[in-house]
1. Considering each residue of the range 49-78, count those that are among the polar types (S, T, N, Q), surrounded by 13 or more Cβ atoms within 10 Å (Cβ to Cβ) and touching a helix residue (DSSP H, G or I) at 6+ places or on another chain (Cβ under 8 Å), and give that number.
2. How about the range 28-83: which helices (runs of 4 or more DSSP H) wholly inside it have at least 3 residues that are under 16 Å from the mean Cα position of the chain (by Cα) and closer than 16 Å to Asn98 by Cα?
3. Scan Asp81, Asp38 and give me the residue that is over 17 Å from Ser24 (Cα atoms) and open to solvent by 30 Å² or more (accessible area, probe 1.4 Å).
4. Among the residues that make up the range 85-99, is at least one of them free of Cβ contacts under 8 Å to residues at least 40 places away in the same chain, closer than 23 Å to Glu41 by Cα and buried (at least 20 other Cβ atoms within 10 Å of the Cβ)?
5. Let me confirm something: among Gly111, Gly150, which residue is surrounded by fewer than 19 Cβ atoms within 10 Å (Cβ to Cβ), under 23 Å from Asp88 (Cβ atoms) and either out of contact with any helix residue (DSSP H, G or I) (no Cβ under 7 Å at 6 or more places or on another chain) or at pLDDT 90 or above (or both)?
6. In the range 118-130, is there at least one residue being aromatic (Phe, Trp, Tyr), part of a helix (DSSP H, G or I) and either under 28 Å from Gln26 (Cα atoms) or in contact with a strand residue (DSSP E or B) (Cβ under 9 Å, 6 or more places away or on another chain) (or both)?
Amino acid sequence: MTKIQPISYTNPYSQQQPYYACTSCQLPTAERNYCIVDKNEIDYFVKQKEQALPYLNDILQHSNNEAQVTETLYILDRMIDNGTKGIDKMYPTFSRFNNTDSPNIQTFLAGIYRKTQVPDAFGPLVNMLIKNTLKPQNPYQPFDPNEEIGGAILSYMSDRFRQYPN
């Protein structure tokens, strides 16, 4: 397994510099359909709540490293579950990944969109699902991101129906 090349950032939350944030993620494999992450690092960011958002937003704006982006999206997903406010305001940064072919990024992005219900994300979710269904399936892909994408689309539709029942 190749070592992920860290991208250096100055950590505004500690004296440790440079800080290689979100670089410990091991992406799913044919034998394992989940990511392996550093629980301490994830918990560190989740506990920071809103204070960590500018830092995580910066990572997403500048990184092209799939594992790093996936781990950062995972952190943000956990932060939503932990009650962190303002993640929906990061949609302009998230939208950078709306056309990605990475099933890992698509899965976590769809999960965030499902939870934040940003109206602008509905179209990109539908586009992702259509693009994915038109491509031949990779038999070695460890999981199907269309499950999360489809679930997010259904969640949008369900929430709209509850909001406007007639």
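The values are calculated or read from the model by the stated rules, or taken from the named source; none is laboratory data. Because the structure is predicted, anything quoted here is derived from the model rather than measured. Because the Cβ atoms are built from the backbone with ideal geometry, glycine has one as well, and the counts that use them run over all protein chains shown. What goes into the accessible areas is simple: the full protein's heavy atoms, side chains included, and nothing from ligands, DNA or RNA. Shrake-Rupley method; radii C 1.70, N 1.55, O 1.52, S 1.80 Å.
1. 5
2. Per the criteria, 53-62, 66-81.
3. Only one candidate passes the filter, namely Asp81.
4. yes
5. Gly150
6. No, the range 118-130 has no match at all.
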